[in-house]
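J.: Okay, handing you the structure first.
The values are calculated or read from the model by the stated rules, or taken from the named source; none is laboratory data. Please read these numbers as outputs of a predicted model, since none were measured by experiment. Because the Cβ atoms are built from the backbone with ideal geometry, glycine has one as well, and the counts that use them run over all protein chains shown.
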Amino acid sequence: MNVSPAPAGLSSDRFREETAPVAELRAVTKRFGDVTAAKNLNLTIDRGEFLSFLGPSGCGKTTALRMLAGFEQPTEGDVLIDGGIVNDSPPFCRPVNMVFQSYALFPHLTVEQNISYGLKQRRPRMDRSEISRRVARALDTVRLAGFENRKTFEMSGGQQQRVALARAIVNEPKLLLLDEPLAALDRKLRKEMQIELQDLQRQLGITFVLVTHDQEEALSLSDRICVMRAGEVVQMGTPRDLYDDPKTKYVADFVGTSNFFEGTVLSVKEDMAQVELADGSRFEGRASDSFRETETVCLSIRPEQIRLTGKAEDGAIEVVVQNRIFLGEHTEYLVRHSSLGNIIVLAPRQAELAGTAFNQGDRAWLNLSREAMLVLRQD
Amino acid sequence: MTKRERNWLLLLPGGAWFLIMLVLPLTVVFIFSFGERGDAGGYVPAFTLEQYANLPARLTAFENTMILAPIGTLISMLIAYPLAYQLAVNTSRKWKTVLLVLVIVPFWTSILIRSYAWIYILGGQGIPNLLEMLGIEGVRLIYTPFAVLIGIIYGYLPLMVFPIYVSLDRLDKRLLEASSDLGAKPFATFMQVTLPLSVPGIATGCMLVFILLMGEFLIPALLGGGKVFFVGNALVDLFLQSRNWAYGSAVAVTLIVIMLVTVTVYMRLISRLNTQRDDVSIM
């Protein structure tokens, strides 16, 4: 970590708090018996950012979150919050709050009592008037004013979700941890809550760490995404980085949709690689990494980067349209190539309006531009 | 058959049972309590309040019951709670089953035999004998209220453990994590989350044990040795020994009324304690 000397006027502690990343995992490994849930995690969480852990269930994302919360202790490595190692500090000592997947609201307490729970644990005791002022503000923030005396089990899923959020943010944590908070909501409500979450994060300036298996959710909410697989970080970056420059097939597949063709590297020139596919056809694509010749790789192209045309152009490949799904602003085609198999193509509405629409059974040509083709490691 | 008819049909066996086994005997006892004792015992129809006027003669039995039953219930609860807590919270799945079976093992033998074991343990050959070897002499345990208390706590503990265990076992562990996450230390979490959420189990256990203790007669008879009498013993005595059915009925009716009042007040209290909750229903 690069730490420049403290500027005059700032005590070193204060300085550390303001410049250090809000949290950090350093070579963190967590084992449960024989199972390694997290393997050598190294990452920093910046102040005020919205970071997502993305991956399928069992990839270690929840373990990472629980180590930040203090529910699990790392087997190896260090967990830092505000520049200090907190490995052995229990959850009730950490300036961190969590929104649980099932909300974990206290069934014997009212909405107000649930939200004030954290403030009431503080020692020295917080003024009663101060507590009710902050609870009222938190209720306002999540748009639940007037629900103070409700019982949580009488509320809808979306409302319970907001109580859980209010119960966490009222404590003004350094880090707000969200464990698949939207998983239990229906699609429409989930969309609404995503927007609310994002607004809330901007408004409060609290660092949010989200765990999700929903790539769309991660893409739309996060400043940065940490893609995980089998306990390891596969790639970390902004949503755009991950979408445009996935480093492996796994990331390209998990973040967005893509077409993949397996092949071997023939030659590498600067950042372009020539790949020969199983059927002998050759394509050029952007190399996402340095590759050796004869290495087995994967060519990837996003469905929206393929252009579908009605006549043979130079370098285009011939396909037969299998299926056509109207998606509103896009039309999704499933086409079949004699040796490459099925390929998904996303055609913009304009193309269709301009008269290039295809029906099942039509012959068509695909333009796979070399700029859009990515050569990925076959992980 | 309409749905309504079917519902009545389904209620028939239970309803008939209820009528024949509960309402009928209770009515008989109620009517008997206003009658008189025949010359050779039994019941002679009459309408007199004499039997009720005579109740103070059995005051000691009522006193013993009303003191020892609540104390027994309370102590059972205090012993059962930590036990149930350990079983539900700190025991691995494998051991849970084993330990739960151990809790009910005593039920495999009759309470009569188990009480005889206590007669031996508390009697002259048992603990007092051991104490004598240590130089403490003249300790008398058997045939005292203490012996009866030990007996009833021993006998009814499992009934207290189970409901408390169930309420603690069902407790969502994420609530404890949430509490810790919100800054509550372990003891604060226990007081603010675990304990309030296990109140239903405590309430059920106490109710179960208390009601059964109010009618207990075997343990006082064996461990109280005719010195510590419960209302149940008075009833046995009145119906079987002195064959004073009218007086016995008056004592029985009085006990039922006392139980009804106590249990109603208790339910009210508990439900007030739980007004803010959905998951609570006592019995």
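J.: What single numbered condition from (1) of a type in the set (A, V, I, L, M); (2) over 22 Å from B:Gly225 (Cβ atoms); (3) surrounded by 14 or more Cβ atoms within 10 Å (Cβ to Cβ) fails to hold for B:Ala69?
T.: Only one criterion is unmet by B:Ala69, namely (2).
J.: Could you pull out the residue among B:Val148, B:Val161, B:Val209, B:Val228 that is closer than 19 Å to B:Tyr116 by Cα, out of contact with any Asp or Glu (no Cβ under 8 Å at 6 or more places or on another chain), assigned to a helix (DSSP H, G or I) and in contact (Cβ under 8 Å) with a residue 60 or more places away in the chain?
T.: Criteria check complete, one pass: B:Val148.
J.: Same structure, new question: Can you find, within region A:316-348, the residue that is surrounded by the fewest Cβ atoms within 10 Å (Cβ to Cβ) among those that are under 32 Å from the mean Cα position of the chain (by Cα) and acidic (Asp, Glu)?
T.: A:Glu329
J.: Identify, please: which residue in region A:109-119 is within 8 Å of chain B (Cβ to nearest Cβ) and surrounded by 21 or more Cβ atoms within 10 Å (Cβ to Cβ) and is, among those, nearest to the chain's Cα centre (by Cα)?
T.: Once the filter is applied, the top-ranked residue is A:Gly118.
J.: Between a first residue in region A:96-107 that is within 14 Å of A:Ile169 (Cα to Cα) and facing chain B (nearest Cβ under 7 Å) and a second residue that is part of a loop (DSSP other than H, G, I, E, B) and not polar (S, T, N, Q), which pairs have beta carbons less than 6 Å apart while being 6 or more apart in sequence or on different chains?
T.: A:Asn97/A:Pro173
J.: Then there is this: Contact list please: Cβ distance under 9 Å, first residue in region B:179-202 and more than 8 Å from chain A (Cβ to nearest Cβ), second residue among the β-branched types (Val, Ile, Thr) and part of a loop (DSSP other than H, G, I, E, B), pairs at least six apart or on different chains.
T.: Listed pairs, sorted by first residue: B:Val199/B:Val280; B:Pro200/B:Val280; B:Pro200/B:Ile282.
J.: A further question on this structure: Taking region A:132-149 as the search range and keeping residues that are over 14 Å from A:Ala168 (Cα atoms) and buried (at least 16 other Cβ atoms within 10 Å of the Cβ), which one is farthest from the other protein chains (Cβ to nearest Cβ)?
T.: Out of the qualifying residues, it is A:Leu144.
J.: Okay, moving on. Kindly list the number of the only condition in (1) among the β-branched types (Val, Ile, Thr); (2) in contact with a Gly (Cβ under 7 Å, 6 or more places away or on another chain); (3) assigned by TED's automatic domain parsing to the domain that holds A:Cys59 that fails for A:Val297.
T.: Failing condition for A:Val297: (3).
J.: I'd like to verify a number: residues in region A:194-248 that are under 25 Å from A:Cys298 (Cβ atoms), of a type in the set (Val, Ile, Thr) and over 15 Å from the mean Cα position of the chain (by Cα), how many?
T.: So the count comes out to 1.
J.: For region A:194-216, which positions are assigned to a strand (DSSP E or B) and either at pLDDT below 90 or among the aromatic types (Phe, Trp, Tyr) (or both)?
T.: Result: A:Phe208, single match.
J.: Moving to a separate point now. Scanning for something closer than 18 Å to B:Val236 by Cβ, under 26 Å from the mean Cα position of the chain (by Cα) and part of a helix (DSSP H, G or I), does region B:35-51 turn up at least one residue?
T.: No: region B:35-51 contains no residue that is closer than 18 Å to B:Val236 by Cβ, under 26 Å from the mean Cα position of the chain (by Cα) and part of a helix (DSSP H, G or I).
J.: Next question. Looking only at residues that are within 14 Å of chain B (Cβ to nearest Cβ), of a type in the set (A, V, I, L, M) and in contact with a helix residue (DSSP H, G or I) (Cβ under 9 Å, 6 or more places away or on another chain) in region A:67-85, which one is nearest to A:Leu176 (Cα to Cα)?
T.: The extreme case among them is A:Ala69.
J.: With respect to the numbered conditions (1) modelled with pLDDT of 90 or more; (2) among the charged types (D, E, K, R); (3) loosely packed, with under 15 Cβ neighbours inside 10 Å, which one is the sole condition not fulfilled by B:Glu216?
T.: (3)
J.: Could you tell me whether B:Leu171 is within 30 Å of A:Leu119 (Cα to Cα), within 14 Å of another protein chain (Cβ to nearest Cβ) and in contact (Cβ under 8 Å) with a residue 40 or more places away in the chain?
T.: yes
J.: Something else about it: Can you tell me which residue among A:Leu197, A:Leu182, A:Leu175 is under 17 Å from A:Leu65 (Cβ atoms), within 14 Å of chain B (Cβ to nearest Cβ) and among the aliphatic types (A, V, I, L, M)?
T.: Just one listed residue meets the conditions, A:Leu175.
J.: Sticking with this one: Applying the selection to region A:201-226, what residues are of a type in the set (A, V, I, L, M) and within 18 Å of A:Leu242 (Cα to Cα)?
T.: Within region A:201-226, A:Val209, A:Leu210, A:Val211, A:Ala218, A:Leu219, A:Leu221, A:Ile225 meet the criteria.
J.: Which condition from (1) free of Cβ contacts under 8 Å to residues at least 60 places away in the same chain; (2) under 23 Å from B:Tyr81 (Cα atoms); (3) within 14 Å of another protein chain (Cβ to nearest Cβ) is the one that B:Val263 breaks?
T.: Exception for B:Val263: condition (3).
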